[in-house]
Amino acid sequence: MSFESAAAKREDVFANHSRVLLCPSILSADLANLTSEINALGDSIDMVHCDVMDGHFVPNLTFGPPVIKSLSKRTDKQLDVHLMVTNPDRLLKSYAEAGASTLVVHQEVVYHAQRTLSEIRALGCYAGISLNPATPLETIQWLLPDLDMILLMSVNPGFGGQSFIPQILDKIKKTRAMIDASGLPIRLQVDGGVTLDNVAEIVRAGADMIVAGSAVFGQESPKEAAEALGRAIRLAKAKL
Ligand code: DX5
Ligand code: ZN
């Protein structure tokens, strides 16, 4: 797919708040075959979650703007870029120019979060903040007007294939209540340890963006796995 056709086809699914989005994490994909891995999923997915790791904030290292840029030319899905890096401010422009739709920074490593989030919006991206499992929700209560998305980590960041930390379910419910009370159109993303067994409970708790790495790319048929997750999500949403 050429850059022009991919970009022209790109639909702003993030803005459609009636929809719960499934965002597979390419961390668990074959990174040398990203284009085919993602395009094989077709319309069973909504966005592509890109885990950027710097070997400092987290003990793992992945990829940077050049990979995001290439990917952006080859998929019509919006790219959801999760920056697990220290000093994210110096990189924001590069990721925005590379084609990120959302830019998510970690609360634990931003000194001036309000400024960082405003800058992300000024660069034309949706602004998100991520909280590690132990980071209190209260740390972002004064940032709500600057946020398009809250990402709750349900594992300690750094690796795919870890187990969902059960007490995060309560954190999801509290975050949903905080967002609803604000009346602001803020999305709530949950990332880490999501499986076909727990996804419905996570949606019922209030998440409207689901990241899944090993539950999609770690499966024999990633497309069938994504379709099954999508069905479970829609069913859970319909029962809300
Ligand atoms: C973890 C990453 C996640 C990870 C999720 O640091 O932020 O996006 O890829 O992988 P699973 O779904 O396998 O827990
Ligand atoms: Zn992630």
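Quick notes on this one:
- Summing +1 for each Lys or Arg and -1 for each Asp or Glu among the other residues whose beta-carbon sits under 9 angstrom from that of residue 127 gives -2.
- Listed pairs 73/174; 73/93; 9/239; 73/239; 69/171; 9/237 exceeding 29 Å between Cα atoms: 73/174; 9/239; 73/239; 69/171
- For region 1-82, trypsin sites (Lys or Arg not before Pro) are listed when DSSP marks them as loop and at most 13 other Cβ atoms sit within 10 Å of their Cβ; the list is empty.
- The alpha-carbon of residue 173 sits under 13 angstrom from the alpha-carbons of these aspartates and glutamates, leaving out residues fewer than 8 places away in its chain: 201, 208.
- Note on exposure: 95, 126 ranked by accessible area (1.4 Å probe, complete protein assembly) read 126, 95, with the most exposed listed first.
- Size of charge dipole - the chain - debye, nearest 20, with Cβ of Lys, Arg +1 and Asp, Glu -1, no other charges: 360 debye
- Net charge over other residues, Cβ less than 14 angstrom from the Cβ of residue 88 (K, R count +1; D, E count -1): -2
- All other residues whose Cβ lies under 15 angstrom from that of residue 40 are scored, Lys and Arg at +1 and Asp and Glu at -1, for a net of -4.
- Whole-percent carbon and sulfur share, accessible surface of the chain, 1.4 Å: 52 percent
- Gain in span if fully extended, residue 234 to residue 89, counting 0.36 nm per residue against the direct Cα distance: 48.6 nm
- Convex hull volume of region 6-238 per residue (C-alpha atoms, cubic angstrom): 110 Å³
- Between residue 197 and residue 111, residue separation times 0.36 nm minus the direct Cα-Cα distance comes to 27.2 nm.
- For peptides 132-145, 55-68, 34-47, 78-91, sequence by mean Cβ density within 10 Å, most packed first: 78-91, 34-47, 55-68, 132-145
- Heavy atoms of residue 17 accessible to a 1.4 Å probe, total area in Å² rounded to 10: 80 Å²
- HN-Hα J in Hz across region 44-50 - Karplus 6.51, -1.76, 1.60, θ = phi - 60°, x for Gly and Pro: 6, 10, 9, 9, 10, 8, 10
- Gain in span if fully extended, residue 36 to residue 11, counting 0.36 nm per residue against the direct Cα distance: 7.0 nm
The values are calculated or read from the model by the stated rules, or taken from the named source; none is laboratory data. Small disclaimer: the values here were computed from a predicted structure and weren't measured. Every residue, glycine as well, gets a Cβ built from its backbone with ideal geometry; the counts of neighbours run over all protein chains shown. Side chains included, ligands, DNA and RNA excluded: accessible areas come from the protein's heavy atoms. Shrake-Rupley method; radii C 1.70, N 1.55, O 1.52, S 1.80 Å.
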